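The values are calculated or read from the model by the stated rules, or taken from the named source; none is laboratory data. Quick caveat, the model's predicted, so the values are computed rather than measured. Cβ atoms come from the backbone with ideal geometry, glycine included; neighbour counts cover every protein chain shown.
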Amino acid sequence: MAKQGQKQSSEMDKIKRVIEKQTGGKVKMVKLGFNPKRMVIWLLVLFLVLPFFISLMSGPLPVGKVGLSQLLTDIKDAKVDKIEVQDEKLLVNYKDKDGVVESRKEVNEGFVEILYRAGIDPASVNFENKDTSASKAWQNVLNIFLPVVLTGAIFLFIMRQARGAQNGIFSFGRSRAKIFMKGKQNVTFKDVAGVKEAKQELEEVVDFLKHPKRYRAMGARTPKGVILVGPSGVGKTLLARAIAGEADVPFFSMAGSEFMEMLVGVGASRVRDLFDTAKKKAPAIIFIDEIDAIGRQRSRALTGGHDEREQTLNQILVEMDGFTPNEQLLVIAATNRGDLLDPALIRPGRFDRRVMMDMPDIDDRQAIIKLHSQGKPMADNVDWQKIAKRTIGFSGADIENMLNEAAIAAARQGNKTIMMTDLEEAALKVKLGPEKKLKQSALDLKMTAYHEGGHAVVTYYLPKMDSVHRISIVSRGSALGHTLIPPQADRYTETRSFLVAQITSLLGGRTAEKLIFNELTGGAASDIGRATDVARTMVVKMGMSDLGPVSVGPRVDMGEMGLAWYEPEQVSEALKAKVDNEVAKIVDGCQKKAEEILKKHKHKLDMVAEALLKKETLEAEDFNAIMKAK
C-alpha cells in the first residue's frame, strides 16, 4: 500500500510539472479522499433539512390555522378568496388577510361533498385540487432509504475507528523516533559556540560518516557511540541538532523516556525497531536524549532484575555491541547525570567517546554572547568583555535568556538599542529573579541595609575575596536584598584561605545585625547554611582541617530505579564528634574575624548602610568611593 501511494504521488507530481510548464503558472493539486466523519455529518444534515425543502415544494408555509366549521362560515360570508386542496390539508387565502391559513378535513372526504352538506354551491367557491403524488413518492423514498444509508455510514465509521485502534495496539512496539534528512534541519555547527572541544569531536565523527574510505584506509573503525555529559543548559541537545544539520546521513532522534510504556516489553521492542530502521538507512545517526531515563545502573537483585527499564537497557546493550555488527551506524547520547549510567553502557565498544561539556569559560561566554546578540541592536557602549566577566557561572542557555530579557526590557522602555544597563538588569533577573516592591517598615529596611552592608564591608577587607560588584536592598526572589561578589576570573581549584574568606564574608551580614541592633533575624538562615556546608566539605572531603587528609563522608552508590544507598561508614563515633568540632571551629573562627573587621570599621558600615537607605542600590564605583573616603 505504501509503495502504491508513493507511485501515485510521483505520478501526480509529474502531471503537476507538465501543467505548470504548459500554463506558465503555479498549480495547486487538491487531494480528494473519502472521509467517513464528514460523510456522516452531511447525511445528518440532509436527514434534518430535506423534509423542510419538501414542505417548501408542496406550497407556501401557512401563517395560521382555522377550523373547518369556521372556514365554511367564512365561505358563506364571502371572505375567502381562494382555496388550495392538498389531500386532507386546505390552504386558504382570505380577501382581507395576507398570507395563507391552514385548515384540515377528513382524509377520505371530498371537499365538494363538504360544500354540499354545508349548503354551499361549489361553483361559487374558487378552489383548486393539487396533485401531491410526486412529493409523497419522494417522502416514501426518503423514509425507506435515508435511515438505511445513515445507519450504514455510522457502521462504516465505527469499523474504521476500530481498525485504527487495532493498528494502534500493534504499533506500541514501534519506535517513535523523529527522522531528519539532509536540509531538514537549519541548525549547523556555525550556530553553536563555546564548546570547541565537543564540536571538534563531533565534527570528526560526522566526517567519518561522510568519508568512511579515508579512515578505513588507515585501519580505523567507525566509532559506535559518543556520549555527551554535562550540566543542563551547556548545549548538548543543540549540538545534536547541529549534527542533524551537518550530516549527509539520516538522523534519528528520540528521548529516553519515549521508550518506556506501561506494557511490558514495549521499551525493548522500540529499541529493536529503532535500530532495525536505522540499519536499513545506514550510514545513519541515532540520537538518544536524556539517556539516564533508561540507562541507569541495573538493580542489585532488589526486584529480581525483570523491570521494564532494565529490559530496555539490556536491549540497547545488545544492539550497540552484540553478535550483529552495526556498520556505519553511530549512536549519540546526552545526559546530565553521567554518574548514574550503567558501566556496561558507557564502556568502549558501546560508547567509545565520552565528551565532557562544562560551563563555558570567559572566552566561550564571549563567543556565546556575540552569537546570540546577532539580530539585536546593541548600543555602542556595550562592553562584551565586561559582560563575559559579569556572567561567570552562566550556562549557554542562561546567556541566551539574559540577552532575550534585555531585548524585552529595551522594547518595553521604547528604546531603539539595548543598553548596558538593560544587560545588567537582565543578568540580575536571570540569576536572582525580578524586582519586588515590598512595603517594608523603616526598621526592616535599616536592618536589611546593615545586613547587606556587613557582607560588603567584610568582603572589602578580606584580601583573598573577590571585589564587590553591587549591593542592593531591593527585594528579588526570596531575598530582601543582595550583595553580588562575582569571581574576577574562572576558578577551577579552591584554596583553604579562599574558602575561609568565603565563610567569613557569608557571616558578615549576621555579624552586622548583632553588632548594630544586638538582635538576630531569620534573613541570615541561607548564609549560615552555605557557610556550614562549605566548612563541612572542607573537613569531610577536602582534608582542610586538623584531622588531616582523611575522607570521612559516606560512599554513595545508585541502586535500583535510582534509589541511593550508602555503604556502611568506617568511621567511629569519636571521629564523627571530632568532625563536628572541626566544622564548628572553622565557623566560629570566621565569625570572630568578621566581628573584628566590622568593629574596627564600624563607621564605614554606617556610611554604606546610609547610602543604601538613600539610593537602594550601590554599584561597585559608589561602594569603592565610600570605602576609600576618610
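Of the residues Thr324, Thr303, Thr312, the single one that is modelled with pLDDT under 80, touching a helix residue (DSSP H, G or I) at 6+ places or on another chain (Cβ under 7 Å), surrounded by fewer than 18 Cβ atoms within 10 Å (Cβ to Cβ) and assigned by TED's automatic domain parsing to the domain that holds His211 is Thr303. Taken over the range 480-513, the criterion of being buried (at least 19 other Cβ atoms within 10 Å of the Cβ) and of a type in the set (Lys, Arg) is satisfied by Arg510 alone. Where helices (runs of 4 or more DSSP H) fall entirely within the range 466-543, those with at least 3 residues that are within 20 Å of Leu612 (Cβ to Cβ) are at 508-517. Looking at the range 369-422 only, could you name the residues that are outside any helix (DSSP H, G or I), modelled with pLDDT of 85 or more and either among the basic types (Lys, Arg) or on the phi > 0 side of the Ramachandran plot (or both)? Lys376, Gly414, Lys416 - these are the residues of the range 369-422 that are outside any helix (DSSP H, G or I), modelled with pLDDT of 85 or more and either among the basic types (Lys, Arg) or on the phi > 0 side of the Ramachandran plot (or both). Taking the numbered list (1) surrounded by fewer than 15 Cβ atoms within 10 Å (Cβ to Cβ); (2) within 21 Å of Ile471 (Cα to Cα) in turn, Leu432 passes all entries but (1).
The residue list Thr448, Thr391 contains one member that is under 30 Å from Ala333 (Cβ atoms), outside the structural domain of Ala334 (by TED's automatic domain parsing) and of a type in the set (Ser, Thr, Tyr), which is Thr391. Taking the range 338-391 as the range and being aromatic (Phe, Trp, Tyr) and more than 30 Å from Ala406 (Cβ to Cβ) as the test, only Phe351 passes. With the structure loaded, tell me whether Lys437 is surrounded by fewer than 17 Cβ atoms within 10 Å (Cβ to Cβ), of a type in the set (Lys, Arg) and either more than 23 Å from Ile399 (Cβ to Cβ) or touching a Gly at 6+ places or on another chain (Cβ under 8 Å) (or both) or whether it fails that test. Here the answer is yes, as Lys437 does meet what is asked.
Picking from residues in the range 609-625 that are surrounded by 23 or more Cβ atoms within 10 Å (Cβ to Cβ) and in contact with a Leu (Cβ under 7 Å, 6 or more places away or on another chain), the one that is nearest to Pro486 (Cα to Cα) is Leu618. What residue, among those in the range 327-385 that are in contact with an Asp or Glu (Cβ under 8 Å, 6 or more places away or on another chain) and β-branched (Val, Ile, Thr), is surrounded by the fewest Cβ atoms within 10 Å (Cβ to Cβ)? Of everything passing the filter in the range 327-385, Ile362 is surrounded by the fewest Cβ atoms within 10 Å (Cβ to Cβ). Only one of the numbered conditions (1) modelled with pLDDT under 90; (2) of a type in the set (A, V, I, L, M); (3) under 41 Å from the mean Cα position of the chain (by Cα) is not met by Met544, and that is (3). Each residue in the range 211-256 was checked for being surrounded by 13 or more Cβ atoms within 10 Å (Cβ to Cβ) and in a helix (DSSP H, G or I), and 14 of them qualify. In the range 423-441, the residue that is nearest to the chain's Cα centre (by Cα) out of those that are assigned to a loop (DSSP other than H, G, I, E, B) and of a type in the set (D, E, K, R) is Lys437. Consider Leu91 carefully, then state whether it is modelled with pLDDT of 75 or more, surrounded by 14 or more Cβ atoms within 10 Å (Cβ to Cβ), more than 30 Å from Asn140 (Cα to Cα) and out of contact with any helix residue (DSSP H, G or I) (no Cβ under 9 Å at 6 or more places or on another chain). Against the criterion (modelled with pLDDT of 75 or more, surrounded by 14 or more Cβ atoms within 10 Å (Cβ to Cβ), more than 30 Å from Asn140 (Cα to Cα) and out of contact with any helix residue (DSSP H, G or I) (no Cβ under 9 Å at 6 or more places or on another chain)), Leu91 does not qualify. Would a scan of the range 172-185 turn up a residue that is of a type in the set (Val, Ile, Thr), farther than 30 Å from Ile399 by Cβ, in a helix (DSSP H, G or I) and at pLDDT below 70? No: zero hits.
Matching residues to (1) touching a residue at least 60 places away in the same chain (Cβ under 8 Å); (2) out of contact with any Leu (no Cβ under 9 Å at 6 or more places or on another chain):
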| residue | (1), (2) |
| --- | --- |
| Gly414 | no, yes |
| Leu445 | yes, no |
| Thr448 | yes, no |
| Glu452 | yes, no |
| Gly477 | no, no |
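So, of the residues in the range 219-267 that are under 20 Å from Lys190 (Cα atoms) and of a type in the set (Val, Ile, Thr), which turns out to be modelled with the highest pLDDT? Step by step, filter the range 219-267, then rank; the result is Val234. Scanning the range 453-479 for residues that are under 37 Å from the mean Cα position of the chain (by Cα) and buried (at least 21 other Cβ atoms within 10 Å of the Cβ) yields Val468, Ile471, Ser472, Ile473.
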